[in-house]
Amino acid sequence: VTKEREEDKEIETKTIEKVLVDKSNLDDYVGKPVFHAERIYDQTPTGVVMGLAWTAMGGSTLYIETTLVEDGDGKGALHTTGQLGDVMKESAQIAHTVARAILLEKEPENPFFANTKLHLHVPAGATPKDGPSAG
């Protein structure tokens, strides 16, 4: 058994340095973004909402655009475009049906859905629109 003397012990000290992380140096600490989402709109116009999509990178956002195509007696319908899969098409139809039911309940005299053709388009052509998060 050896006895250590107090003066023989080494004391390790660490210096703590404060660092300010901001936009200019964020990449140095967390790395570059995996992908960069591009915005089509600075402020979304009437008839446009943002949706969520699953991708191999984990997820992204996509825009869903709706516009009035034709207004006329008894011609109410929903037309969809944008390479939608079956799940997304069904979800769009359900949303249209629910919106129509809510309007009929709140304003029975309002003929908007009965007389209006709507066009729903999802412009992100390269993003598959079906699967677990579609709708």
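The values are calculated or read from the model by the stated rules, or taken from the named source; none is laboratory data. Values in this document were obtained by computation on a predicted structure and should not be read as measured data. No Cβ is skipped: glycine too gets one built from the backbone with ideal geometry, and neighbour counts run over all protein chains shown.
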Open item on the list: List pairs: first residue in segment 84-104 and under 16 Å from residue 124 (Cβ atoms), second residue at pLDDT 95 or above and among the aromatic types (Phe, Trp, Tyr) anywhere in the structure, Cβ distance under 7 angstrom, at least six positions apart or on different chains.
Closed with: none
Open item on the list: I want to confirm something. Restricting to segment 26-48 and keeping residues that are of a type in the set (Val, Ile, Thr) and loosely packed, with under 10 Cβ neighbours inside 10 Å, which single residue is modelled with the highest pLDDT?
Closed with: 46
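Residues are listed down the side, and each one gets a yes or a no for (1) under 30 Å from residue 114 (Cβ atoms); (2) part of a loop (DSSP other than H, G, I, E, B); (3) modelled with pLDDT under 80:
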position	(1), (2), (3)
15	no, yes, no
19	no, yes, no
24	no, yes, no
52	no, no, no
78	yes, no, no
Open item on the list: Any residue at all in segment 71-81 that's touching a Gly at 6+ places or on another chain (Cβ under 8 Å) and surrounded by 13 or more Cβ atoms within 10 Å (Cβ to Cβ)?
Closed with: no
TODO: Return the pairs, sorted by first residue and then second, in which the second residue is at pLDDT 95 or above and surrounded by 15 or more Cβ atoms within 10 Å (Cβ to Cβ), the first residue lies in segment 106-118 and is polar (S, T, N, Q), the beta carbons are less than 8 Å apart, and the residues are 6+ apart or on different chains.
DONE: 110/103; 110/104
